[in-house]
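One structure is given below, encoded as structure tokens.
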Amino acid sequence: MPQNDFSALSEQLRQAACIESIDHLLDWDQQVNLSEPAAEGRGEQRAYISAAHHAILGSSALRETLERLKARGDLSPLQQQIVDEADWRIARISKVPAELTRELALLKVRSVQAWERARVEQSFAGVESLLGSLIEASRARAAAIDSSANTYQTMLDDYERGITFAELETIFSELRPELTTLLGELEELGAGKSELQFSDGAFPRTVQYELCREVVQQLGFSFDCGRLDTATHPSCSTCGPKDVRLTTRYEEDDFVFALTSAIHEAGHGLYDQGLDEGYLGTAKGRPSSLGVHESQSIIWERQVGLSEPFWKFCFPRARKKFPALAGCSQSEFYRWVHKVEPSLIRIAADEISYHLHIIARFELEAALMDGSLAPRDLPGAWDDKYRSLLGVSAAKPSEGVLQDVHWYAGYFGYFPTYTLGAVYAAQLFSAFEKTSPKWKDDFEAGDFGGLHRWLGKNIYSHGACYLPRELISNAAGEAPAAKYLMRYLREKYLGIFKQPA
Ligand SMILES: [Zn+2]
């Protein structure tokens with residue numbers, strides 16, 4: 001019955017989303033609770049769940065339903081958006097031969113295991129050949145999706161639908177010299193130095209947990225529909241529409257790491273808590289791209305959690321909880337939080353040099369994909385990039401080419417979404433500021449509801465109905481552009497470090 005086709009599509013998409021959320025629950029449990037010997041069994045469970053997900057979205061019945069819906073001319077604009085998004089997503093699954101999908105999944109598991117060993121042995125050679133096979137299989141997958149398109153372009157679409165290689169190059173070529181200039185200016189101002197140091201144990205983890213919980217709740221995260229646990233890698237797993245699970249990690253000599261990580265993950269969580277549950281699994285109830293998701297975590301972590309008004313709210317609370325802060329002024333502390341120094345490790349980088357780490361990876365992975373860089377030459381190319389972009393050189397592969405799992409897990413085209421997230425976040429916040437001139441007073445008073453509502457209206461409520469570029473343009477009044485990120489970084493960091501300490 002054609003009239004029921006739309007309901008049938010919605011129901012199938014809902015079921016696929018339920019299966020996805022079961023996988024997220026298994027993943028969260030693996031990160032928080034699972035013992036090491038149980039990991040293999042968990043892998044088997046997750047492979048079964050992944051096959052069940054594939055069976056729903058790859059079914060010929062669903063394909064036929066979609067074809068009938070595409071041929072109809074009487075769909076509402078929202079129904080049309082839901083059909084278009086599902087068609088795009090399902091086509092990417094069904095065009096890839098099942099045999100290739102299985103081969104890729106197997107290669108990824110073997111390659112990640114080899115990467116773990118190679119890190120311990122400090123030897124890139126241990127993973128080089130599997131990386132080569134993974135690149136070949138990823139190329140074959142991209143060709144199956146669209147044989148006429150540029151390989152890396154197809155891979156970018158996996159994570160940031162619609163973004164073009166040329167658009168990314170424009171953004172990165174604008175950022176690259178400006179970030180380098182700003183880093184030079186900040187080095188001259190002594191932004192890498194701080195007298196402040198805290199001893200191990202200065203910030204007991206149970207007290208840090210209390211602070212993280214209080215803060216993310218104040219930002220708008222609902223603990224009736226979510227939780228906060230401890231894991232090695234901070235994360236956000238959405239295990240159901242009212243079940244958003246955050247994790248963070250505690251360092252007892254630096255409570256800011258756990259707090260900013262919890263705020264970052266809560267930003268992801270606020271987005272997922274804000275999606276329309278009635279449309280679960282469809283474009284209206286799904287998050288948009290990875291870049292947009294990252295913009296939601298970054299806007300809370302940086303534009304809010306690293307802002308001066310936020311620390312005017314938070315510092316007195318932190319000082320009450322941690323006697324170690326007694327002798328430290330708020331401005332001295334704020335400077336310490338913003339220390340800037342180019343270093344080797346991406347995930348430990350400050351928010352300025354961070355993007356140079358991403359640019360290095362973008363340029364290298366594009367070269368790996370177009371064949372101009374062979375896997376065996378990757379360590380040397382990595383070293384050259386780091387020396388020219390950041391002026392640092394890794395003494396061992398675990399601090400260089402083996403530091404991130406992404407490539408060894410087959411995630412080519414993923415890295416640029418981190419910087420896109422920061423570009424979108426700065427641009428969205430700039431648009432929010434214009435509608436909310438009192439935001440500084442509000443944040444200082446612990447009232448973050450204005451931003452939460454603004455994002456709800458402009459981002460959460462649209463789900464994945466629009467391409468990321470359109471979603472950001474509609475919300476911010478201009479297509480994604482690097483200038484807002486640079487303006488935010490320059491104003492903030494020069495503002496902090498040009499003042500006498
Ligand atoms: Zn994130």
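Numbers for the structure displayed
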read-out: Close pairs from the range 282-303: first at pLDDT 95 or above, partner within 11 Å of the ligand (Cβ to nearest atom) and outside any helix (DSSP H, G or I), Cβ under 8 Å, at least 6 apart; value: SER297/CYS236
read-out: Residue within the range 7-27 that is more than 25 Å from ALA283 (Cβ to Cβ) and polar (S, T, N, Q) present; value: no
read-out: Tabulated pairs, the range 308-322, first under 25 Å from LEU494 (Cα atoms), second assigned to a loop (DSSP other than H, G, I, E, B), C-beta under 8 angstrom, 6+ apart or interchain; value: PHE313/ALA445; PHE313/GLY446
read-out: Filter result for GLY391 (surrounded by fewer than 16 Cβ atoms within 10 Å (Cβ to Cβ) and either touching a Ser or Thr at 6+ places or on another chain (Cβ under 8 Å) or farther than 30 Å from PRO316 by Cα (or both)); value: yes
read-out: Tally of residues being out of contact with any Ser or Thr (no Cβ under 7 Å at 6 or more places or on another chain), farther than 20 Å from PRO77 by Cβ and outside any loop (DSSP other than H, G, I, E, B) across the range 253-291; value: 12
read-out: Helices (runs of 4 or more DSSP H) contained entirely in the range 358-456, each with at least 3 residues that are of a type in the set (A, V, I, L, M) and either within 19 Å of ALA475 (Cα to Cα) or within 16 Å of the ligand (Cβ to nearest atom) (or both); value: 416-435
read-out: Exclusive hit being buried (at least 24 other Cβ atoms within 10 Å of the Cβ) and in contact with an Asp or Glu (Cβ under 7 Å, 6 or more places away or on another chain), set THR282, THR248, THR260; value: THR248
read-out: Search result, residues across the range 172-182 that are in contact (Cβ under 8 Å) with a residue 12 or more places away in the chain and surrounded by fewer than 22 Cβ atoms within 10 Å (Cβ to Cβ); value: PHE172, GLU174, ARG176, GLU178, THR180, LEU182
read-out: Evaluation of LYS108 against (1) touching a helix residue (DSSP H, G or I) at 6+ places or on another chain (Cβ under 8 Å); (2) charged (D, E, K, R); (3) without any contact (Cβ under 8 Å) to a residue 12 or more places away in the chain (one fails), failing number; value: (3)
read-out: Residue under evaluation VAL392, criteria (1) among the aliphatic types (A, V, I, L, M); (2) touching a Leu at 6+ places or on another chain (Cβ under 6 Å); (3) in contact (Cβ under 8 Å) with a residue 60 or more places away in the chain, criterion not met; value: (3)
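The values are calculated or read from the model by the stated rules, or taken from the named source; none is laboratory data. Predicted, not measured: the structure shown is a model, and the values here were computed from it. So basically every Cβ, Gly included, is an ideal-geometry build from the backbone, and we count neighbours across all protein chains shown.
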